[in-house]
Amino acid sequence: MLGWGGAGLALGAAAAGGTAAALRVGDDASPSASTGDAVPFHGAHQAGISTPVQDRLHFASFDVTTTDRAALIKLLQEWTAAAAAMTAGHEVGAGAISANEELPPDDTGEALGLKPSRLTLTFGVGPGLFEKDGKDRFGLKARRPQALIDLPVFPKDNLDPARSGGDLCVQACADDPQVAVHAIRNLARIAMGRASIRWSQLGFGKTSSTTPDAQTPRNMMGFKDGTRNIAGDDTARLDKHVWVGEKDGPGWMVGGSYLVARRIRMHIETWDRTSLAEQEDVFGRDKSEGAPVGKQREHDEPLLKAMKPDAHVRLAHPDSNNGVTILRRGYSFTDGTDGLGRLDAGLFFIAYQRDVRDGFVPLQTNLARNDALNEYIQHVGSAVFAVPPGVRDKGDWWGKALFA
Ligand code: HEM
């Protein structure tokens, strides 16, 4: 208990100006300037959505265990202070090597000496925060956005409840996996007694790019993924498809977005015994260049009619879905093998959109019914979160407008 009091005090000091926060990199007072490796934490939108995609992911979904609204608010304030510190390359609170040896240190220490690594921490709230088992736990029921729906069950879903849902989420992305894991671990540690991790997912090999000039990454099926994604600097398309607008409401979500996460297992062994021609038919693009059927270059405009009717790209394209467009930001995963010796591998799909009802839901309804890819994949985890706008300044914190 003493340790937690210490952490709280130290975090409070960090929130009040950061003077007590120890530096994680060197002894420079401004690590972001000196390394160029920190992504600004404060802004109109949360970082980690339109930000150029980092190499690694640690995504965590939390159950809120406290029933006390004030305790929940305090947690979010402490989380915000810790997140601002860690994304800037600072240690949490008074740091990993505390002055008082009798207390556990505020920071767990495994990121000491590592760069900020473009760490972003993106926070969201799930349906359960507003209502759980018919109870309005925190007096927030009336503030639930209409767009934060409980996702419908899609054909062929095989969801594991232990890998689905959650009251809160934090998406940690960084170029160094240890920095991402350190961030989630420290947030989980701070949350003790108030929220606990329900499930978490490590990801490597980004499967979507928000920087079209860069080389498009490949997914675990060996295909370039993210070719036709929304670019992170395309403000017109971000405003149209990703950020919640003034008229959309509610007010506390304006500038925010909605996140859908799906753990999609791939039947890798079956895929690996499939001919190249069939693999290319499944996507409607060639494996080498990533060009759409009948075209030469990856970024050539797809000719949908030239693809098989059940090709993934044809079915996912906005022209086949009344213009539906989402921002994809997923990662590959490989979590060892299952009991049958098969790789537990696939795509941890993450999509951001302005309204789930006009984004993931119609798109996935179409794909789940018709996509040739379904023979090789299965959706095994699912969650949806409302991601509030950015933390404006040091007086602001994750979710402040929601609780106002
Ligand atoms: C394991 C599952 C999946 C794999 C391996 C996969 C792979 C791919 C690949 C290789 C492309 C072509 C390159 C590109 O434009 O990015 C693509 C495009 C796309 N995928 Fe997926 N995808 C999967 C699941 C999904 C899901 C669940 C959705 C949405 C519900 C989705 C939505 C899209 C969209 C919107 C496009 C771009 C279509 C276009 O505008 O041409 N994908 N996907």
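Rule-based calculations on the coordinates, nothing more; no lab input. Please read all numbers here as calculations on a predicted model, not as lab measurements. Note that each Cβ is placed from the backbone with ideal geometry, even for glycine, and that neighbours are counted across all protein chains shown.
Here are a few things to note about the model shown:
- Evaluated with a Cβ-only charge set (Lys, Arg +1; Asp, Glu -1), region 182-295 carries a dipole of roughly 640 debye about its Cα centre, given to the nearest 20.
- Set LYS74/LYS141; LYS240/LYS400; LYS287/LYS308; LYS132/LYS240; LYS156/LYS206 screened for pairs whose C-alpha atoms are more than 22 Å apart: LYS240/LYS400; LYS132/LYS240; LYS156/LYS206
- The residue list GLY139, PHE204, GLY251 was ranked by how far each Cα lies along the charge dipole of region 126-256 toward its positive end, using unit charges on Cβ atoms, and GLY139 comes out on top.
- Between 0 and 90°, nearest 10: helix 360-370 axis offset from the chain longest Cα axis: 40 degrees
- Taking the C-alpha atoms only, the angle from helix 2-15 to the longest principal axis of the chain is near 80 degrees.
- Rounded if a/c under 1.5, otherwise prolate or oblate - region 268-338, Cα gyration tensor axes: oblate
- Helical content of the chain, expressed as a calculated mean residue ellipticity at 222 nm, amounts to -6500 deg cm²/dmol (DSSP H runs of 4 or more residues, -39,500 (n - 2.57) each, divided by residue number, nearest 500).
- Local net charge near THR108, Cβ-Cβ under 11 Å (Lys/Arg +1, Asp/Glu -1): -2
- The alpha-carbon atoms of the chain, seen along their principal axes, cover 67, 47, 46 angstrom, with the largest extent given first.
- Loop GluC sites (Glu not before Pro), region 48-110 (other Cβ atoms within 10 Å of the site Cβ: 11 or fewer; DSSP): GLU101, GLU102
- Translational diffusion coefficient of region 59-130 (Stokes-Einstein, Kirkwood radius from Cα pairs, 25 °C, 0.890 mPa s): 174 µm²/s.
- Build a GNM of the chain with springs between Cα atoms under 10 Å apart, and of ALA172, ALA99, ALA231 the one that fluctuates most is ALA99.
- About the Cα centre, charge dipole magnitude for region 303-386 (Lys/Arg +1, Asp/Glu -1 at Cβ), debye: 280 debye
- Taking the Cα centre of region 249-288 as origin and assigning +1 to Lys and Arg Cβ atoms and -1 to Asp and Glu Cβ atoms, the resulting dipole is close to 300 debye.
- Under Karplus coefficients 6.51, -1.76 and 1.60, residue-wise ³J(HN,Hα) of region 58-68 in Hz, glycine/proline x: 10, 9, 10, 10, 10, 9, 7, 9, 6, 10, 9
- FRET E, pair ASP213, LYS287, Förster distance 35 Å, beta-carbon r, rounded to 0.05: 0.95
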